[in-house]
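The values are calculated or read from the model by the stated rules, or taken from the named source; none is laboratory data. On a predicted model such as this, the values are computed, not experimentally measured, just so you know. Virtual Cβ from ideal backbone geometry, glycine too; neighbours counted across all protein chains shown. Surface areas here come from the heavy atoms of the whole protein model, side chains and all, with no ligands, DNA or RNA. Shrake-Rupley method; radii C 1.70, N 1.55, O 1.52, S 1.80 Å.
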Amino acid sequence: MNPKKLSGVIIVLVIYLLNQNAHSQLQVGFYTYSCFMAEFIVKEEVRKSITKDPGLAAGLIRMHFHDCFIRGCDASVLLDSTPSNTAEKDSPANKPSLRGYEVIDNAKARLEAACKGIVSCADIVAFAARDSLELVGGLGYDVPAGRRDGRISLASDTRTDLPPPTFNVNQLTQLFAKKGLTQEEMVTLSGAHTVGRSHCSAFSNRLYNFSSTSIQDPSLDPSFAALLKKRCPQGSTNQNLVVPMDPSSPGVADVGYYINILANRGLFTSDQALLTNMETASQVNQNARNSYLWASKFADAMVKMGQISALTSDAGEIRTNCRVVNS
């Protein structure tokens, strides 16, 4: 073969292999040979914890989301603050709402005893989110693994990379697009609000002094607003007041979230805003009518989200303790 043609073939082959490698670094069954009990151990710890405290399921699903949206899925959300740095977990966006750190700690301790230095904290978070979803009635899915753990966690990152409950559709769409997720995947993943609770502070702006022309948000169903006001009295100093995000079935992953939005009972501004755009409103309607379709799309979107900027190969590290970087 002509040397020029041969070199051209080699270049094409190298590019192909590099691309294949980039897309295959996270693999289903990654621990099959290095720590074959890894996923079972995580599932056992998740099941044990959620049996005692069902609310942990929502916390662990949300933890995966909050981890992946900041610096990628690298377990940065697990790192503790230090005297010189406030970590993500202690930011206002995370501190009141994320739960389940002890579940990850327990799973990690067992994995270190069984397979020292093999299973990353980032993969444990991804497995735990999947297992939590299954335990509250969602569809299970295979988790591509092989993530490694990051060494940086900054509370300041949460201000730019996590969507606040006040965002409109355009803001949500743009933020998700920055993470490589489509508008439809944004609507699908918003359905995670079907489980768990919210602190009153996340939506009280919709109940009191909403604007110069309206005491409360006019897009909020009046009877639902009245119920929320009973649970979240104006001027209360109790920071622990919470309400279920999907009152009809707060512990089940179902399409009640979308049905609530259609009834103007979306809890957050960002939930109800999904009806203000023709495309997202259509997706809300579609999801509300077809529970299996939403559950299937949600599982697919979780797999895709779980690969955002994942550290693989020699990047990052495998933390011994998920709360601190290795010394």
Inset, instruction - State, to one decimal in nm, how far the label point of Ser81 lies from the label point of Asp221, with both points 7 Å from Cα in the Cβ direction. - result: 3.9 nm
Inset, instruction - Compute the signed sum of charges (Lys and Arg +1, Asp and Glu -1) over the other residues within less than 11 Å, Cβ to Cβ, of Ser91. - result: -1
Legend entry - Angstrom value of the Kirkwood radius, inverse mean 1/r, which spans all Cα pairs in region 198-280: 13.3 Å
Inset, instruction - Over 17 Å, how big is the tail of the calculated P(r) for region 98-201, in percent of all Cα pairs? - result: 67 percent
Inset, instruction - Could you work out how far apart the two model spin labels at Ile118 and Lys52 are, taking each label as a point 7 Å from the Cα in the direction of the beta carbon, and quote it in nm? - result: 2.6 nm
Legend entry - Where only alpha carbons of region 252-327 are counted, the Rg and the Dmax (Å): 18.2, 53
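Past the 20 Å Cα-Cα mark, which pairs from Lys179/Lys304; Lys89/Lys304; Lys43/Lys89; Lys43/Lys108? Walk me through the intermediate numbers first.
Values: Lys179/Lys304 10 Å; Lys89/Lys304 23 Å; Lys43/Lys89 23 Å; Lys43/Lys108 12 Å.
Exceeds cut-off: Lys89/Lys304; Lys43/Lys89.
Remind me, relative contact order of the chain in percent, using alpha carbon pairs under 8 angstrom and six or more residues apart? Show your work: numbers first, answer last.
On the way: 504 pairs, mean separation 82.0, N = 327.
For the chain, the relative contact order is 25 percent.
Taking all protein chains in place and a 1.4 Å probe, what share, in percent, of the accessible surface of region 141-267 do carbon and sulfur account for?
On the way: 3110 of 5980 Å².
Answer for region 141-267 is 52 percent, counting heavy atoms of protein chains only.
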Legend entry - Angle in degrees between helix 121-135 and the longest Cα principal axis of the chain, rounded to the nearest 10: 50 degrees
Inset, instruction - Find out how many positive minus negative residues lie around Gly266, taking Lys and Arg as positive, Asp and Glu as negative, among other residues whose Cβ is under 13 Å from that of Gly266. - result: -2
Inset, instruction - Work out, step by step, the length gained on full extension between Gln286 and Ser156: first 0.36 nm times the residue separation, then minus their alpha carbon distance; give nm to one decimal. - result: 43.1 nm
Inset, instruction - Treat each spin label as a single point 7 Å out from the Cα along the C-beta direction, and report the Met37 to Val325 distance in nm. - result: 3.2 nm
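Report the FRET efficiency, 1/(1 + (r/R0)^6), for Glu279 and Asp300, where r is their Cβ-Cβ distance and R0 is 25 Å, rounded to 0.05.
Values: r = 18 Å, r/R0 = 0.74.
Calculated transfer efficiency: 0.85.
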Inset, instruction - Sort all Cα-Cα distances of the chain into consecutive 20 angstrom bins from zero, then give the percent of pairs in each bin up to the one containing the longest distance. - result: 30, 54, 14, 2, 0
Legend entry - Label-zone membership for region 76-101, site Thr237, 7 angstrom Cα→C-beta point, backbone N under 16 Å: none
